[in-house]
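Participant: Quick one: structure below, then a few questions.
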Amino acid sequence: VPGDVIDIAAGAYAGDVDVSVPGLEFRGAGAGSTIVEGLGAASFIFRDTASPVTVQDMTLTSPFQMSCVYNYGADVTIRDTVMEDCGATIFTGAYIGGAVYTTGDLLLVRVTLRNNTANVAPVAGLGGAIYIVGDPVEGGPVVRIVDSELSNNTALHGGAIYAEAGSRLFIDSTLFSENDAEVLGPSDGQGGSVWTSGELIVTNSTFTGNYADSNGAGIAIYDGGEDVHIAASEFADNVTFQGSASIPLNSGGAVYMESSGTLRIIGSELTRNVSSHGGAIGAYNLLTGGTIKVNTSAIVSNAAGSGGGGGMYVAGGSPVNLNSVTVADNTTEFFGLG
């Protein structure tokens, strides 16, 4: 019945919940008590007619390497929930969205996404935890992630999140740790935590210990013409390094940019990040010509390899504006390279 609250008692349940009725709330007994395992498809499948719909206080998992949630255009809220050990489902020839595949608006509050993958051997996929389908014409969907944690997720691009052009992603007070963008073969992974060509706003968040084979262990920004804003956040101990000196590969230990939009970093710290080119920030805007603006921030103790730019490496036509920025103790001596 539209608007019902459905209480799910403690226990483990196997099956696929396909929702098309609007206004439902699925409420478990707690993430440690109520476990819903996807059987033949995702644990929850939301149709566009289900808006609005809420899931809270449970764990979603998939022992059969399916995504935890498919959202086909609904307005979905997920709270106080764990999504773990899910694997991407193949769409149009590619594995995308290890835990969540969404074409609709999504709000995640106090959600943990861990150990999810879009890499299903021998094929590497996109969006280890979340894949966001964009709409460049109409705009959207809008995805908001608040007070959450994304850890140990893997994919070729977007170890934790892959966001298409035309999407809008807002991240606040969230931890990204130990996420990997890596391919099953030659190094090419981009965006250890986040790969985006849509609008992105990050506030009060931490990116630590993430890895990318190729570019942007923290965040990789590619050309969708959208702006990226990072405020009051920390990027520490992220690594983008495979020993190659070729550009644009292996660049931007914290953030990599290859976009015509503007990257703004305000009141943030980028420390102890490592890459071949640009230990903290790398950009290759030879054709796109986007702008980089860094204000009241610290770029300290980062390291680059043979490519240079211990703190920042910018190739191409990007204007770079630094205002009240501390740049100190960055090196180009990683692995003994001068």
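The values are calculated or read from the model by the stated rules, or taken from the named source; none is laboratory data. Being a predicted model, the structure only gives us computed values, none of them experimental. Cβ placement follows ideal geometry from the backbone for every residue including glycine, while neighbour counts extend to all protein chains displayed. Just the protein is used for accessible areas: all its heavy atoms, side chains included, with ligands, DNA and RNA removed. Shrake-Rupley method; radii C 1.70, N 1.55, O 1.52, S 1.80 Å.
Participant: Once you've got the GNM for the chain with C-alpha springs shorter than 10 Å, pick whichever of 123, 314, 100 has the biggest mean-square fluctuation.
Facilitator: 123
Participant: Now for a different question. Can you pull the percent of region 1-76's accessible area that's carbon plus sulfur, 1.4 Å probe, other chains left in place?
Facilitator: Working: 1770 of 3180 Å².
With neighbouring chains kept in place, the figure for region 1-76 is 56 percent.
Participant: Could you report the chain's accessible area per residue, 1.4 Å probe, as an integer in Å²? Working shown, then result.
Facilitator: Values: 11890 Å² over 338 residues.
Computed with neighbouring chains in place, this is 35 Å² per residue.
Participant: Of all DSSP beta bridges located in the chain, what percent are antiparallel, nearest 5? Walk me through the numbers on the way to the answer.
Facilitator: Numbers: 4 of 137 bridges.
Of the beta bridges lying entirely in the chain, close to 5 percent run antiparallel.
Participant: Heavy atoms only, probe 1.4 angstrom, no DNA, RNA or ligands counted: give me 324, 62 ranked by accessible area, highest first.
Facilitator: From most accessible down to least: 324, 62.
Participant: What number, in percent, do you get for the relative contact order of the chain if the mean sequence gap of Cα pairs under 8 Å and at least 6 apart is divided by its residue count?
Facilitator: 8
Participant: Return, for the Cα atoms of region 187-317, the radius of gyration and Dmax in Å, separated by a comma.
Facilitator: For region 187-317, the Cα-based Rg and Dmax read 12.4, 34 Å.
Participant: Of the residues 169, 200, 24, which exhibits the maximal mean-square fluctuation in a Gaussian network model of the chain defined by a 10 Å Cα contact cut-off?
Facilitator: 24
Participant: What dipole magnitude, in Debye to the nearest 20, does region 188-241 give about its Cα centre under +1 on Lys/Arg Cβ and -1 on Asp/Glu Cβ?
Facilitator: 140
Participant: Percent relative contact order of region 108-159, based on C-alpha pairs within less than 8 angstrom and at least six residues apart?
Facilitator: Numbers: 94 pairs, mean separation 28.3, N = 52.
Relative CO of region 108-159 lands at 54 percent.
Participant: Over region 198-282, with every protein chain in place, what whole percent of the accessible area is carbon and sulfur at 1.4 Å, could you tell me?
Facilitator: That share works out to 47 percent.
Participant: Let me check against my output: what whole-number percent is the relative contact order of region 29-137, with C-alpha pairs under 8 Å and at least 6 apart?
Facilitator: So the answer I get is 23 percent.
Participant: With just the Cα atoms defining each centre, how far is region 8-25 from region 200-223? Give it in Å.
Facilitator: 33
Participant: Follow-up. For region 61-203, just say rounded, prolate or oblate: build the C-alpha gyration tensor, square-root its eigenvalues into a ≥ b ≥ c, call rounded for a/c under 1.5, and beyond that prolate if a/b exceeds b/c, oblate if not.
Facilitator: Here region 61-203 falls in the rounded category.
Participant: In the chain, how does Rg compare with the Kirkwood Rh, expressed as the Rg/Rh ratio over alpha carbon atoms?
Facilitator: 1.00
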